[in-house]
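The structure appears below as structure tokens.
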Amino acid sequence: MPLRRWQRSTAPGSNISPRPTFAKKTSWPRCSRRVAMRPAWCNVISAMETCATYQPWHDKASGRTFLRPDTTKCLHYYFYWMDRELGLIYVRVPTYCPFRLQVYCNGHSWLAQRMRREGIDFAAADNAFARITDFARAQELADTFKPELLHRHLDRYAQLCCPVLDVFGQTYHWSIMQAEYSTDLVFKSEKILGSLYQQLAREAVLSVKAEQIATFLGKKITPATGRRDWLAPEHAH
């Protein structure tokens, strides 16, 4: 692992945080504020998590000894970067072979970087654009996003964060593990939104059930788990 390289780094505001458990979302805004949108490496967090790996196995019937796929736990490093084109991202690097990488990036962050370079004024509210002075040009920029562009960035970060690739002489095949699509609705006036807000809020309450919310969190409610798993600790009985 390239940990010593990052320990010697003099990047402003950078640090390494070894923690048994952590909330990646709480580190996210801190990174964003720390680097102030300047291209830089801003943080590394370590955590013990599940990973795919290999284990030696001896088949008594055939007398062959080989490696077979297995699942275990190993130390992972989360490298947080403020990329010049992608915006704020992280690279999740396991310390066990086959070093299956996971990279998170946000299309809105990429578009925001493009609009900054073109001088398009905008206002962001969390992960949504509340205002864009030139929506037509922003859409044109969004349409230029290509998988080849993303692959080029991912290959570069794989080399930076997982130099063991030089030993094996391999490259990564990238695939989408999870993708989220969003639609930002921007209203020209509060009056127009006011006439629709109550209806939209009521529809959201009636349409989205507990079972669906559970899937947003990567869980599934079953008779075995029951409702208790989804209550806050102070309300559980």
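The values are calculated or read from the model by the stated rules, or taken from the named source; none is laboratory data. As the structure is a prediction and not an experimental result, all values here were calculated from the model. Methodologically, a virtual Cβ is constructed for each residue, glycine included, from the backbone with ideal geometry; neighbour enumeration extends over all protein chains shown.
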> Is there any pair linking a residue in region 76-87 that is at pLDDT 90 or above and assigned to a strand (DSSP E or B) to one that is among the acidic types (Asp, Glu) and buried (at least 22 other Cβ atoms within 10 Å of the Cβ), with Cβ under 7 Å and at least six apart or on different chains, and which?
Replying inline: none
> Out of all the residues in region 114-121, is one or more modelled with pLDDT of 90 or more, in a helix (DSSP H, G or I) and among the hydrophobic types (A, V, I, L, M, F, W, C)?
Replying inline: yes
> among the aromatic types (Phe, Trp, Tyr) and modelled with pLDDT of 90 or more: does that describe PHE22?
Replying inline: no
> When you look at GLU180, is it of a type in the set (D, E, K, R), exposed (fewer than 10 other Cβ atoms within 10 Å of the Cβ), assigned to a helix (DSSP H, G or I) and under 25 Å from the mean Cα position of the chain (by Cα), yes or no?
Replying inline: no
> Name the residues in region 128-169 that are part of a loop (DSSP other than H, G, I, E, B) and either acidic (Asp, Glu) or touching a helix residue (DSSP H, G or I) at 6+ places or on another chain (Cβ under 6 Å) (or both), would you?
Replying inline: ASP134, ASP143
> Within region 93-118, restricting attention to residues that are within 12 Å of the chain's Cα centre (by Cα) and closer than 22 Å to GLN55 by Cα, which residue is surrounded by the most Cβ atoms within 10 Å (Cβ to Cβ)?
Replying inline: LEU101
